Amino acid sequence: MTNITAERRLKKIKINIMRDARFALWSGVIMVGKTTVSDSCPSAMTNGRDEVYGRAFVDSLNDKELAFVMLHENLHKAFRHLTIWKRLQIENARLANAACDFVINQMLVDMDPNEDVLAMPKKDGQIMGCLDSRFRGLNTKQVYDILKQEQKGGGGGGKGQPGGKGQPGGGGGEPGEPGEGFDEHDWEGAQELSAEEKAELEREIDQAIRQGQIAHNKMHGSGAGNLSRELGDLLEPQIDWREVLRDFVKSLCNAKDTSSWRRVNRRFLSGDTYMPTMVGETVGSLLIGIDTSGSIGGEDINRFLSEVKSIAEDVRPETIDLMYWDSAVAGHETYDHGSMGTLVESTRPMGGGGTDPTCVMHKIKKDGLKPECIIMLTDGEIGNWGNKWESPILWVVCNSYRSEKIYAPVGQTVHLND
């Protein structure tokens with residue numbers, strides 16, 4: 001459709017996207033990994049780090065369609081779809097692919113509804129790929145569960161809805177099946193990355209998104225813009241930690257740093273002297289464990305970090321041992337009063353495997369840690385909760401995918417969605 005090479009077109013479009021204020025949040029992610037053109041690739045794909053575009057596919061698209069495809073691939077990278085949702089792909093690859101695409105495509109359409117820069121690819125006048133406004137604001141797991149339920153019931157088929165044969169977004173699928181996407185998902189390539197490469201990729205994506213958030217907020221104002229629930233800015237804390245932790249922490253406080261006249265100090269009563277009692281309001285060593293297993297998405301981690309920030313500000317622990325865990329402790333960071341204020345900006349979430357919180361229990365024992373209390377943030381998709389926790393433990397469960405609430409069999413449980 002143009003005389004310039006596919007390589008030059010991709011570079012030009014990438015620069016144009018990065019210069020556009022509407023896409024500032026993703027400007028850093030676009031720079032992560034390599035971008036290549038292949039004569040053998042049928043469309044476009046990413047392994048979560050690198051992007052590959054088929055030469056014939058690129059030539060078949062106009063600039064707006066190519067810009068849409070490029071951002072589509074980069075949002076797969078930003079959301080870590082090919083690692084976080086690997087278990088869904090193993091269960092049902094077709095539904096997992098469609099769920100990822102439904103989330104991304106709706107986001108992109110909402111970013112540029114007038115198609116000034118982006119336009120979904122079309123073939124014979126019909127939209128290519130998965131698009132359904134019902135899924136606006138949902139994350140991949142939520143969309144996957146809906147598609148799975150509709151597949152069982154043979155539902156779907158409306159305009160722009162999954163399974164609508166020949167309809168926009170239907171992709172020519174059979175009734176009860178989601179539409180086909182316009183790209184490939186290189187799940188196998190993502191798994192072939194070494195542990196070191198995956199760790200470096202996590203660091204690069206995390207840094208790119210944080211930088212993008214700064215640029216986005218400068219252009220639109222803090223909290224403005226069209227951010228996805230799949231990732232989004234750090235959300236406002238949903239838990240009133242002063243209220244929830246008051247009774248939990250009260251018996252754990254060693255420090256006596258605030259005077260209160262609500263209780264008279266009995267030691268001085270014999271001398272007819274009335275003095276206030278010192279009331280402890282700070283915690284010594286606090287351990288916070290964040291679930292980063294495969295069922296946890298970027299939105300969940302951001303919400304967890306928001307709660308950690310609130311805990312640090314409101315409960316004022318002397319130190320925080322922050323652990324990221326899946327089936328093993330993937331990261332352990334320690335913060336004191338001097339570094340706690342920049343915890344959210346400096347932390348590096350790690351993980352993405354199975355789910356076994358007892359790894360935190362074993363890590364505490366192995367390292368000889370003596371936390372006054374433990375707070376575990378998780379979606380509650382846990383088989384073994386452990387029964388040998390040596391410190392009081394509070395489970396904060398965030399799981400919007402289930403109708404029934406999950407309660408840990410050990411310790412206390414609160415729900416982030418309350």
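The values are calculated or read from the model by the stated rules, or taken from the named source; none is laboratory data. Remember, predicted model here, so these are calculated numbers, not experimental data. Using ideal geometry, Cβ is built from the backbone for each residue, glycine included, and neighbour counts are taken over all protein chains shown. Accessible surface areas use protein heavy atoms only, side chains included; no ligands, DNA or RNA. Shrake-Rupley method; radii C 1.70, N 1.55, O 1.52, S 1.80 Å.
When region 112-137 is filtered for residues that are in a helix (DSSP H, G or I) and crowded, with 20+ Cβ neighbours inside 10 Å, only F135 remains.
Using the structure shown, decide if G331 is at negative phi, open to solvent by 30 Å² or more (accessible area, probe 1.4 Å), modelled with pLDDT of 80 or more and of a type outside the set (V, I, T). Against the criterion (at negative phi, open to solvent by 30 Å² or more (accessible area, probe 1.4 Å), modelled with pLDDT of 80 or more and of a type outside the set (V, I, T)), G331 does not qualify.
Of a type outside the set (G, A, S), closer than 21 Å to W395 by Cβ and crowded, with 17+ Cβ neighbours inside 10 Å, is that true of M323? Quick ask: steps written out before the conclusion?
On the way: of a type outside the set (G, A, S): yes; closer than 21 Å to W395 by Cβ: yes; crowded, with 17+ Cβ neighbours inside 10 Å: yes.
So M323 passes the test.
Flag not set for L66, criterion: more than 23 Å from I205 (Cα to Cα), modelled with pLDDT of 90 or more and crowded, with 19+ Cβ neighbours inside 10 Å. Quick check on region 89-96. Is at least one of its residues at pLDDT below 95, of a type in the set (A, V, I, L, M, F, W, C) and crowded, with 23+ Cβ neighbours inside 10 Å? The answer is yes; a qualifying residue exists. Scanning region 1-54 for residues that are among the polar types (S, T, N, Q) and either within 26 Å of N114 (Cα to Cα) or in a helix (DSSP H, G or I) (or both) yields a total of 4. Yes or no: region 346-367 includes at least one residue that is closer than 19 Å to K309 by Cβ, modelled with pLDDT of 85 or more and surrounded by fewer than 16 Cβ atoms within 10 Å (Cβ to Cβ). Yes, that holds for at least one residue. Here region 368-403 is the region considered, the condition is being touching a Ser or Thr at 6+ places or on another chain (Cβ under 7 Å) and of a type in the set (D, E, K, R), and the residue that is surrounded by the fewest Cβ atoms within 10 Å (Cβ to Cβ) is K370. Pairing residues of region 17-46 that are closer than 15 Å to A67 by Cβ with residues that are in a helix (DSSP H, G or I) and among the hydroxyl-bearing types (S, T, Y), at Cβ distances under 8 Å and at least 6 apart in sequence or on separate chains, gives I17/S27; M18/S27.
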